[in-house]
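Everything below concerns the one structure shown next.
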Amino acid sequence: MPTQAILLDIEGTICPVSFVHQILFPYALQALPAVLQSQWDSPAFLPYKSAFPEGAQASPKAFSAHVADLTARDVKIAYLKNLQGYLWRTGYESKEYATPLFADVVPWLEQQHAAGKKLAIFSSGSVEAQKLLFQYVGEDATKAQDINGLFEDRYFDTVNAGPKAEKESYGKIAEAFGVEVGDVTFYSDNVKEIDAAEAAGMVAILVNRPGNAPVSDEDMKRMKNITSFDQAPA
Ligand SMILES: CSCCC(=O)C(=O)COP(=O)(O)O
């Protein structure tokens with residue numbers, strides 16, 4: 001039976017790794033000092049700040065150093081991801097950047113949505129960050145389009161679903177979808193995530209995009225893989 005639901009990773013699957021690492025991460029780091037100066041004791045910033053370890057909450061300097069260290073090591077921990085989502089909003093709203101999805105992505109998503117497939121996202125980026133990323137899509141930030149409607153509020157992150165390399169997270173997502181786990185196809189650039197989704201019973205397909213980390217020949221041979229959604233199964 002053709003897939004009923006489609007679950008998508010973000011970085012390296014539907015948008016270039018370079019957008020996340022060369023645009024979003026640096027933006028958050030450069031936006032942080034002004035936010036810390038003006039909002040350190042504000043109620044709006046409190047949920048983001050209070051999720052950090054006590055040592056980092058000791059001062060804006062300690063906080064900045066901790067954020068810089070986690071970012072440099074690309075640690076995908078929820079309290080950093082939540083903070084990044086908060087910081088990225090200004091960049092999107094001021095049209096400093098928009099999300100450059102690969103050219104095949106939006107036409108394919110629209111086609112799948114029109115065919116009645118349920119579409120969803122599973123990213124280490126927070127749900128808040130995911131919604132922003134899809135609210136401002138385009139190569140030209142002054143003409144960005146909002147494609148959130150395609151996902152009908154199905155956003156999963158490591159807080160509401162669990163770690164991306166653990167099979168239990170995929171079972172939980174299928175349950176939230178209201179479909180059998182075997183009726184979901186998951187697309188990701190990450191071999192560990194593909195293995196976890198498959199172990200849970202999903203169909204899982206590795207997506208190979210320019211700029212992604214290399215995948216071994218052995219993994220390429222054992223995994224279904226595509227370079228564009230034009231090659232995705234029906
Ligand atoms: C939606 S936020 C941008 C992506 C991000 O912060 C990230 O860490 C990417 O993680 P993914 O699990 O989508 O590869």
- For residue 72, which of the numbered conditions (1) assigned by TED's automatic domain parsing to the domain that holds residue 179; (2) surrounded by fewer than 19 Cβ atoms within 10 Å (Cβ to Cβ); (3) within 15 Å of the ligand (Cβ to nearest atom) fails to hold? (1)
- Task: Scan 162, 182 and give me the residue that is part of a loop (DSSP other than H, G, I, E, B) and either away from the ligand (no atom under 11 Å from the Cβ) or farther than 27 Å from residue 83 by Cα (or both).
- Result: 162
- Message: Being in a helix (DSSP H, G or I) and either within 14 Å of the ligand (Cβ to nearest atom) or in contact with a helix residue (DSSP H, G or I) (Cβ under 8 Å, 6 or more places away or on another chain) (or both) is the filter here; which residues of the range 148-159 pass it?
- Response: 148, 150, 151
- Message: Just to be sure before I move on: is residue 145 of a type outside the set (Val, Ile, Thr) and either more than 16 Å from the ligand (Cβ to nearest atom) or touching a Leu at 6+ places or on another chain (Cβ under 6 Å) (or both) in the structure I sent?
- Response: yes
- What are the residue pairs meeting all of these: first residue in the range 154-178, first residue without any contact (Cβ under 8 Å) to a residue 40 or more places away in the chain, second residue loosely packed, with under 14 Cβ neighbours inside 10 Å, Cβ atoms under 7 Å, and 6 or more apart or on different chains? 162/168; 165/192
- Being assigned to a strand (DSSP E or B) and within 23 Å of residue 103 (Cβ to Cβ) is the filter; apply it to the range 185-214 and report the residue that is farthest from the ligand (Cβ to nearest atom). 185
- Number of the exception - residue 234 against (1) at pLDDT 95 or above; (2) farther than 18 Å from residue 78 by Cα; (3) assigned to a loop (DSSP other than H, G, I, E, B): (1)
- Item | Which numbered condition residue 57 misses (of (1) more than 16 Å from the ligand (Cβ to nearest atom); (2) surrounded by 12 or more Cβ atoms within 10 Å (Cβ to Cβ); (3) within 30 Å of residue 233 (Cα to Cα)) | (3)
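The values are calculated or read from the model by the stated rules, or taken from the named source; none is laboratory data. Treat the numbers as computed from the prediction; the structure is a model and nothing was measured. Cβ: placed from backbone, ideal geometry, glycine included. Neighbour counts: every protein chain shown.
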